[in-house]
Amino acid sequence: MEKIIVRGRKRLCGQVKISGSKNASVAVLPSLILSTGKVTLQNLPDITDVRTMIRILEDLGVNIRRRGRNALEFNPARLRGFTPPYNLVKKMRASYYLMGSLLARFGRAEVPVPGGCDLGPRPIDQHLKGFAALGAKINIEHGLIKLAGKKLAGAHIYLDVVSVGATINLMLAAASAEGKTVLENAAKEPEIVDLANFLNAMGASIKGAGTDVIRIEGMPRFGDVDHTIIPDRIEAGTFMLAAAATGGDVVVEDVIPKHLEAVTAKLREMGVEVEVEPERIRVKGTQSLRASDLKTFPYPGFPTDLQPLGMVLLTAAEGTSVITENVFDGRFRHVDELKRMGAQIKVEGRTAVVEGGRLLSGAPVQATDLRAGAALVIAGLMAKGETVLSEPEHIYRGYENLEQKLNSLGASLKRVRDQNPRSFSSPS
Ligand code: UD1
């Protein structure tokens, strides 16, 4: 079993290039099966969620060729299956996008009920309600969601909750349904806009992505496309918060600053200097961080995915901060781990109260999910002494080369396996 050892009291300084977006990639990859042409994707991050999705596509019969370090070419013309394998699907929640894409391509999908990060109950009622409105028949049996709808027809769908996953799945199914679909109360995340741009470039007609009303005109076929995945705003936000948390000075490069406005605003409110340029953001830490309340919301609000990292930062701010998690019920599992490092945090329902201003101390901790794992690594960099993080596999799902990138900024992280330490890259 692997662990990551983090040496504490490290300031992060320097420049770091941000990879392609995980959440956009894991939506675009299953969507490419709508095409019967040649699909080229650039800026795909090399992370385990992307590798898993690629293996699922291969299993379904998609022909894949490497076209560069982060570029692949896909030929989905001879797709043969509509049942992706359970052993791969269970590894990642986003595999449920295959429901929408297989339905659009074949009028049929049999997809195992999804797994993914454990953030509490994650219903998919809005996805299923939307598929039904488009005319699909739905059966859940033997752990499979079975969808059938050879002739889907456009519909007016109002989502009861703002859901990224449901918005994407319904965009996919509607892309080839006959007639017009109107999706109301849609999610507005940049990854949805990226997916709409990708689908439109291959022949879809999707308007309004990025607003809460999306209009889709169904199209019979989809062709060639060459698409570059947008930068990962959550990875960028991770490095911005890490720079502030370690009192460092970091430039995140190849980003879309508009996607990070909530993070920029929160950092400035806490007294951190943030300089924004067209494709880079510089974050200069301060010795006197101000406490601040933090509320997560769907985009353009502060992202729930950065809440654990925001919490780590707030442990360093003098005074009391209140965090309200409005998106996921169970997203405080990192709190117990942070308490092991000396953080003073009380959780009541969807609220966490952080008494900041104390120096954390290194401890053995466990990554409970992807973003919690990243947050614990950053807490380890702030703490005195050594932190040993177990279950780091969660982190590899969503961060490309996190160890190397952090070490190039002056951190000291080592992956170890069976008492046999292996340095990832030498600290600069
Ligand atoms: C996506 C992101 C995840 C991010 C989340 C919120 C991907 C692969 N994952 O997850 O990183 O944290 O958006 O920004 O892009 N809900 C329902 N019924 C449904 C669907 C959702 O009640 O049918 C609820 C969920 O339980 C949750 C809320 O809606 O409380 C938002 O979930 P959703 O936006 O769907 O998150 P995901 O798409 O799973």
Working only with C-alpha atoms, what are the Rg and Dmax values of the chain, expressed in angstrom? 21.5, 62
Could you check what % of the DSSP bridge pairs in the stretch 22-228 are antiparallel, to the nearest 5? 75 percent
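Could you order peptides 320-330, 226-236 by the average number of other Cβ atoms within 10 Å of their residues, highest first? Before the final figure, lay out the partial values.
Numbers: 320-330: 17.6, 226-236: 23.5.
Top of the packing list down: 226-236, 320-330.
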Heads up, the stretch 92-161 by the C-alpha gyration tensor (a ≥ b ≥ c square roots of eigenvalues; a/c under 1.5 rounded, else a/b over b/c prolate, else oblate) looks oblate
Using Cα-Cα distances under 8 Å and only pairs 6 or more residues apart, what relative contact order does the chain have, in percent? 20 percent
Mind giving me the nanometre distance, one decimal, between the label points for N185 and I140, set 7 Å out from Cα along Cα→Cβ? 1.9 nm
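I need to check one value: relative contact order of the stretch 22-228, counting alpha carbon pairs closer than 8 Å and at least 6 residues apart, in percent.
Numbers: 469 pairs, mean separation 44.4, N = 207.
For the stretch 22-228, the relative contact order is 21 percent.
Starting with the highest mean, order 63-71, 217-225, 306-314 by the number of other Cβ atoms within 10 Å, averaged over the residues of each peptide.
On the way: 63-71: 13.0, 217-225: 16.2, 306-314: 28.2.
My ranking of the peptides, most packed first, is 306-314, 217-225, 63-71.
Below 11 angstrom from the Cβ of R7, what's the summed charge of the other residues (Lys, Arg +1; Asp, Glu -1)? Each step should come with its number before you reach the end.
Values: positive: R9, K10, K384, K414; negative: E386.
Neighbour charge sum, excluding R7 itself: +3.
Assuming 0.36 nm per residue, please report the length gained on full extension of the stretch D212 to R80 beyond their Cα-Cα distance.
Numbers: separation 132, 0.36 × 132 = 47.52 nm, distance 3.51 nm.
Length gained between D212 and R80: 44.0 nm.
If a/c stays under 1.5 just call it rounded; otherwise compare a/b with b/c (prolate if a/b is bigger, oblate if not). Do that for the stretch 1-141, with a ≥ b ≥ c from the square roots of the Cα gyration tensor eigenvalues.
Values: a/c = 2.26, a/b = 1.43, b/c = 1.58.
Since a/c reaches 1.5 but b/c is at least a/b, the shape of the stretch 1-141 is classed as oblate.
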Sites T320 and E58 - FRET efficiency at Förster radius 51 Å, r taken between beta-carbons, to 0.05: 0.50
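Taking the highest mean first, how do the peptides 372-378, 188-194 order by number of other beta carbon atoms within 10 angstrom per residue? Spell out each step's value before the answer.
On the way: 372-378: 28.9, 188-194: 22.6.
Descending packing order for the listed peptides: 372-378, 188-194.
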Estimated inter-spin distance, R66 and E348, nm [label 7 Å along Cα→Cβ]: 5.5 nm
So the label point goes 7 Å from the Cα of V276 along Cα→C-beta, right? Which residues of the stretch 226-244 then have their backbone N under 20 Å from it? 230-244
For N63, distant residues with modelled amide H under 5 Å away: N75, A77, R78
Just check the stretch 22-228 against the gyration tensor rule for me: Cα atoms, a ≥ b ≥ c as the square roots of the eigenvalues, rounded for a/c under 1.5, and otherwise prolate or oblate depending on whether a/b exceeds b/c. rounded
Separation between Cα centres of the stretch 350-371 and the stretch 259-286, rounded to whole Å: 22 Å
Using only Cα atoms, tell me the angle between helix 190-201 and the longest principal axis of the chain; keep it within 0 to 90° and round to the nearest 10. 30 degrees
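Evaluate E = 1/(1 + (r/R0)^6) for R417 and R51, where r is the Cβ-Cβ distance and R0 equals 22 Å; express this FRET efficiency to the nearest 0.05.
On the way: r = 19 Å, r/R0 = 0.88.
Once the sixth-power term is evaluated, E becomes 0.70.
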Considering only DSSP beta bridges with both partners in the chain, what is the antiparallel share in %, to the nearest 5? 75 percent
Ellipsoid semi-axes in whole angstrom, largest first, where each is sqrt(5λ) of the Cα gyration tensor of the stretch 121-263: 33, 19, 13
Any chance you could run the full-extension gain for K129 through R221? It's 0.36 nm times the residue separation minus the Cα-Cα distance, nm to one decimal. 30.6 nm
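How much of the accessible area of the chain, in percent, comes from carbon and sulfur atoms when a 1.4 Å probe is used?
Values: 7990 of 17060 Å².
Its accessible area is 47 percent carbon and sulfur atoms.
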Starting from the Cα-Cα distance between I256 and A153, subtract it from 0.36 nm times their residue separation and give me the gain in nm to one decimal. 33.5 nm
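Cβ under 13 Å from V255's Cβ, V255 left aside: what net charge do those residues give with Lys, Arg +1 and Asp, Glu -1?
Once positives and negatives cancel, what remains is -3.
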Just to confirm the number: angle between the C-alpha axis of helix 97-106 and the first principal axis of the chain, 0 to 90 degrees, nearest 10? 20 degrees
Give, as a single signed number, the net charge of other residues whose beta carbon lies under 10 Å from the beta carbon of K146, with Lys and Arg counted +1 and Asp and Glu -1. 0
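The values are calculated or read from the model by the stated rules, or taken from the named source; none is laboratory data. Note that the structure is predicted; figures quoted are calculated from it, not measured. Note that we place each Cβ from the backbone using ideal geometry, even for glycine, and neighbour counts take in every protein chain shown. Areas reflect the complete protein model, heavy atoms only, side chains present, ligands, DNA and RNA absent. Shrake-Rupley method; radii C 1.70, N 1.55, O 1.52, S 1.80 Å.
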